[in-house]
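One structure below.
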Amino acid sequence: MKLAGHTVLITGGGTGLGGGLAAAFHEKGNKVIITGRREKVIQEFAARHPGMEDITADVAQEGDVQRLFRQVSEKHPDLDVLINNAGIMQWPDFTKLETLDDRLFDEIEINLKGLIRMTAAFLPLLSKQKEAALVNISSGLAYMPLAISPIYCSTKAAIHSFSMALRHQLRNSPVKVLEIAPPGVESDLGKTDGAAQRDYPRMKLDAFVKETMKALESGKAEMPIGQAKMLRILSRFVPSVAFGILNPAKG
């Protein structure tokens with residue numbers, strides 16, 4: 001994938017991984033549109049990058065996704081890159097059922113169903129281009145789950161599977177389906193009430209963005225980044241070891 005000359009839409013583009021990728025594509029001269037649920041956050045982020053556009057939308061809401069599609073398709077009919085990045089991470093503890101609340105399915109609505117909604121809405125536009133890319137952000141935890149965040153890991157495993165299947169379905173179309181599987185990255189992801197107490201090594205955001213942009217340029221379809229590369233290997237050949245590293249019996 002070439003890194004310049006595109007019109008790029010990034011969900012969850014105002015913070016964290018999405019913000020890092022938005023800034024990187026913008027710096028290379030691409031037209032970048034970011035979207036997210038928090039209007040002030042994306043407006044302030046776009047303002048720091050003159051020429052970047054922001055549109056407030058919640059991928060968990062079908063109406064928002066359809067409105068977003070209408071706005072983008074009318075103003076940017078040349079859209080040729082969609083990066084499905086929006087996601088949240090929660091820590092539901094099924095040994096304490098009394099702590100589960102109405103947020104239980106939020107990760108499924110945003111991480112998985114939101115990604116599928118965006119894909120279904122924007123594929124017709126992407127398919128009109130000579131070449132286009134649909135980039136799904138999964139996780140190294142798609143290969144092996146972190147037990148203290150079971151639903152998050154399940155959504156990322158589903159995104160990995162969905163990306164593989166969609167890539168096969170669209171193999172004869174102008175749309176290339178790419179998957180980026182990040183490791184833990186320094187960001188606000190998962191920093192909520194009830195967050196897990198264990199601290200895991202996290203990749204610097206700048207290092208993640210640099211490696212990801214290089215991986216995108218390589219033309220690979222599936223791109224584990226940083227420690228996610230080792231997790232993919234361990235999960236294939238010694239899954240019990242990989243699971244034990246992520247989920248020690250003590251601690």
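The values are calculated or read from the model by the stated rules, or taken from the named source; none is laboratory data. This structure is a prediction, so every number in the text was calculated from the model and none was measured. All Cβ positions, even for glycine, are placed from backbone atoms using ideal geometry, and neighbour counts span all protein chains on display.
If you go through segment 106-128 and keep only what is touching a strand residue (DSSP E or B) at 6+ places or on another chain (Cβ under 8 Å) and either surrounded by fewer than 19 Cβ atoms within 10 Å (Cβ to Cβ) or part of a loop (DSSP other than H, G, I, E, B) (or both), you end up with 123, 127.
Within segment 179-227, count every residue that is modelled with pLDDT of 85 or more and more than 17 Å from residue 153 (Cα to Cα). Spell out the reasoning first.
Here is the first cut: in segment 179-227, the ones modelled with pLDDT of 85 or more are 179-186, 202-227.
Filter once more, so that each one left must be more than 17 Å from residue 153 (Cα to Cα): 186, 203-223, 226.
Residues flagged as modelled with pLDDT of 85 or more and more than 17 Å from residue 153 (Cα to Cα) within segment 179-227 amount to 23.
Residues that are surrounded by 24 or more Cβ atoms within 10 Å (Cβ to Cβ) and part of a loop (DSSP other than H, G, I, E, B) within segment 130-142 comprise 138, 139, listed in sequence order. Restricted to segment 68-105, and to residues there that are of a type in the set (Gly, Ala, Ser) and in a loop (DSSP other than H, G, I, E, B), the residue that is surrounded by the most Cβ atoms within 10 Å (Cβ to Cβ) is 87.
Residue-level check: of (1) polar (S, T, N, Q); (2) within 17 Å of the chain's Cα centre (by Cα); (3) closer than 26 Å to residue 7 by Cβ, residue 127 misses just (2). Considering (1) in a loop (DSSP other than H, G, I, E, B); (2) crowded, with 24+ Cβ neighbours inside 10 Å; (3) of a type outside the set (Phe, Trp, Tyr), the lone condition that residue 163 does not fulfil carries the number (1).
The set of residues in segment 15-54 being charged (D, E, K, R), over 21 Å from residue 5 (Cβ atoms) and either assigned to a loop (DSSP other than H, G, I, E, B) or within 15 Å of the chain's Cα centre (by Cα) (or both) consists of 37, 38, 48. Picking from residues in segment 22-67 that are out of contact with any strand residue (DSSP E or B) (no Cβ under 6 Å at 6 or more places or on another chain) and among the hydrophobic types (A, V, I, L, M, F, W, C), the one that is surrounded by the fewest Cβ atoms within 10 Å (Cβ to Cβ) is 47.
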